Structures are given as C-alpha cells and as structure tokens.
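Chemist: I'd like to ask you about the structure that follows.
The values are calculated or read from the model by the stated rules, or taken from the named source; none is laboratory data. A quick note: this is a predicted structure, and the numbers were derived from the prediction, not measured. No Cβ is skipped: glycine too gets one built from the backbone with ideal geometry, and neighbour counts run over all protein chains shown. Ligands, DNA and RNA are stripped out before the accessible areas are found, and what is left, the full protein with its side chains, is counted by its heavy atoms. Shrake-Rupley method; radii C 1.70, N 1.55, O 1.52, S 1.80 Å.
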Amino acid sequence: MKRPMIGVLPLYDKEKESYWMLPGYMKGIEAAGGIPVMLPLTADPEVITAMADTFDGFLFTGGHDVHPELYGERIEPVCGEPCTERDEMERVLFREVTAMDKPAFGICRGLQLFNVLLGGTLYQDIPTQFGSDIQVNHQQQPPYDQPVHRVYIEKGDPLHEMLQTDSMEVNSYHHQGIKQLSSQLVAAAKAEDGMIEAVRMPDKKFVLAVQWHPEFSYTSDPYNFRLFEEFVSSCKS
C-alpha cells in the first residue's frame, strides 16, 4: 500500500527568521509508515487550499502560544509571544482539512489551537490562572522523554479503545491549557488536577489532539507510538 504523505506544520524562529523542525515529529510519522513533509509558512489561501487537497493528513505541531484575540481575550503579560503567521495559516488550513474530513493530529499547541478554532478558550498561563488542590507538573525540565504525570483516559472513548489502557504516564511541557472546551470537541483524557489532556472531534474520521509530547517518547513508550500509528493509518483510507 502506498505510504501516505503527511504535511507537518513548521516551527518558526523569529530571531533567526527561519523555519525549523523537531526530528521526533518527522521520525514518528516515518516509523509509523507515513512520509512527513514540512510545510511552508504562508497565509496565501490558494496555497493553503492546494496543500489541504494534496496531502493525506496533517500534524499540527507545538510551539508558540495561540493569540488570545482568537478566543476573544486581550493578551495578558503572562501570555507567551504568539506567532500571528502560524495562527493565520493554521486557522485557514484547519478549516479546509476538517471540511474535507482529512485526518488531523494535534500536539500541545495543536490541542489548544483546535479548541480555540472551534470556539473554546484557554488559560493564558496555567500557574497563575488555573487553581487546583492537586499539584501536577505541566512544565517539566529536560530531558523531555521522561514522564512526569499521569493522564486518565475516558472509558468507552475511541482513545481508550485505541490504547487499551485506563491511564498512562506522559511528559509535559506547556504553560497554557484548555479553559472552556469547545462544544464541537469531547475530552478524551484528563490529568489528575482536571486539566484536559486529549480531545477529539467526534463527527470526523480522525481529528485528535494531545497536550503531551509523543514526539519525544514514541520510541520508548508503546502508547505514544500507537498514537502515531493510528494517525498514519487513518491517512491511508
């Protein structure tokens, strides 16, 4: 069977004016049977539509904070620097991809972006805006392939069926998270403090996002590799 071609959203370094990529995103897709291709950063709607039509699936990577204006808030000092170029490109691309019902897998920022583009909101900064009596480390120090907290998967959810486990240990490196969940998404997993850690779009073939970083641990954790496998498999049909 032909290997699916999967578009990977680029990371952007403003100071160096350069696109870049973490190898785990690419290698995880390749190990699961896909061919990853890093996309250009563009706001041209014709180019974005052409990319949506050309590729079999899309990986929405981590990176910059999503601009609060996309969910109706002003930017607070605790918010990290957004990348408006990424916000605009991914807004248009996500709309096109979901309209075509093509697979989309979101990681970290990807989860936050899906929620915002579908009408949800975010905590701009978890340490200062999210209160919980249970302490969970959402922003670990290197090495990033080591798990730092547990997530609990909703029984009966397709994610539970996919991974065949009630919970798993994950790494974590994010200071923003879902505040109000979009009505178009369902929460598939949560951390012990209640933070949403995985979401999916139930009326689509494969629109899934996780808050942790499987690109760092897919070689050592079978659950995280399974995420790549299921994503790539969905791009073949």
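Chemist: In the set GLY63, GLY119, GLY131, GLY80, which member is in a loop (DSSP other than H, G, I, E, B), touching a Phe, Trp or Tyr at 6+ places or on another chain (Cβ under 9 Å) and farther than 14 Å from LEU9 by Cα? Walk me through how you get there before you give the answer.
Modeler: Details: GLY63 fails: farther than 14 Å from LEU9 by Cα; GLY131 fails: touching a Phe, Trp or Tyr at 6+ places or on another chain (Cβ under 9 Å); GLY80 fails: touching a Phe, Trp or Tyr at 6+ places or on another chain (Cβ under 9 Å).
On inspection, the qualifying residue turns out to be GLY119.
Chemist: Wholly within the stretch 135-195, which strands (runs of 3 or more DSSP E) include no fewer than the required count, namely at least 3 residues that are free of Cβ contacts under 8 Å to residues at least 60 places away in the same chain and open to solvent by less than 40 Å² (accessible area, probe 1.4 Å)?
Modeler: Details: elements: 149-153, 167-170, 186-191.
The qualifying strands (runs of 3 or more DSSP E) are 167-170, 186-191.
Chemist: I'm trying to understand the selection: among the residues of the stretch 154-186, which are farther than 21 Å from ALA99 by Cα and aliphatic (A, V, I, L, M)?
Modeler: LEU159, MET162, LEU163, MET168, VAL170, ILE178
Chemist: Being touching a residue at least 24 places away in the same chain (Cβ under 8 Å) and touching a strand residue (DSSP E or B) at 6+ places or on another chain (Cβ under 8 Å) is the requirement here; does ARG86 meet it?
Modeler: yes
Chemist: So which residues in the stretch 113-134 are open to solvent by 60 Å² or more (accessible area, probe 1.4 Å), at pLDDT 95 or above and of a type in the set (A, V, I, L, M), if there are any at all?
Modeler: The answer is none; no residue qualifies.
Chemist: Tally the residues that are over 27 Å from GLU230 (Cβ atoms) and in a loop (DSSP other than H, G, I, E, B), restricting the search to the stretch 1-21.
Modeler: 4
Chemist: Which count do you get for residues in the stretch 98-112 that are assigned to a helix (DSSP H, G or I) and surrounded by 24 or more Cβ atoms within 10 Å (Cβ to Cβ)?
Modeler: We begin by selecting, within the stretch 98-112, every residue assigned to a helix (DSSP H, G or I); these are 98-99, 109-112.
Add one more test, that the residue is surrounded by 24 or more Cβ atoms within 10 Å (Cβ to Cβ), and what stays is 109-112.
Residues flagged as assigned to a helix (DSSP H, G or I) and surrounded by 24 or more Cβ atoms within 10 Å (Cβ to Cβ) within the stretch 98-112 amount to 4.
Chemist: Residues GLU69, GLU17: which one is among the charged types (D, E, K, R), open to solvent by 70 Å² or more (accessible area, probe 1.4 Å) and at pLDDT below 95?
Modeler: Details: GLU69 fails: at pLDDT below 95.
From the options GLU69, GLU17, the qualifying one is GLU17.
Chemist: Out of the stretch 218-237, which residues are open to solvent by less than 50 Å² (accessible area, probe 1.4 Å) and hydroxyl-bearing (Ser, Thr, Tyr)?
Modeler: Correct list: TYR218, SER234.
Chemist: Considering only residues that are without any contact (Cβ under 8 Å) to a residue 40 or more places away in the chain and not in a helix (DSSP H, G or I), look in the stretch 22-38 and name the one that is farthest from LYS2 (Cα to Cα).
Modeler: Among residues in the stretch 22-38 that are without any contact (Cβ under 8 Å) to a residue 40 or more places away in the chain and not in a helix (DSSP H, G or I), the one farthest from LYS2 (Cα to Cα) is MET38.
Chemist: Could you grab me the full set of residues in the stretch 39-79 that are in contact (Cβ under 8 Å) with a residue 24 or more places away in the chain and under 19 Å from GLU17 (Cβ atoms)? Reasoning before the result, please.
Modeler: Initial filter on the stretch 39-79 (in contact (Cβ under 8 Å) with a residue 24 or more places away in the chain): 39-43, 45, 48-49, 51-66, 68, 70-73, 75-76, 78-79.
Answer for the stretch 39-79, where residues must be in contact (Cβ under 8 Å) with a residue 24 or more places away in the chain and under 19 Å from GLU17 (Cβ atoms): LEU39, PRO40, LEU41, THR42, ALA43, THR61, GLY63, HIS64.
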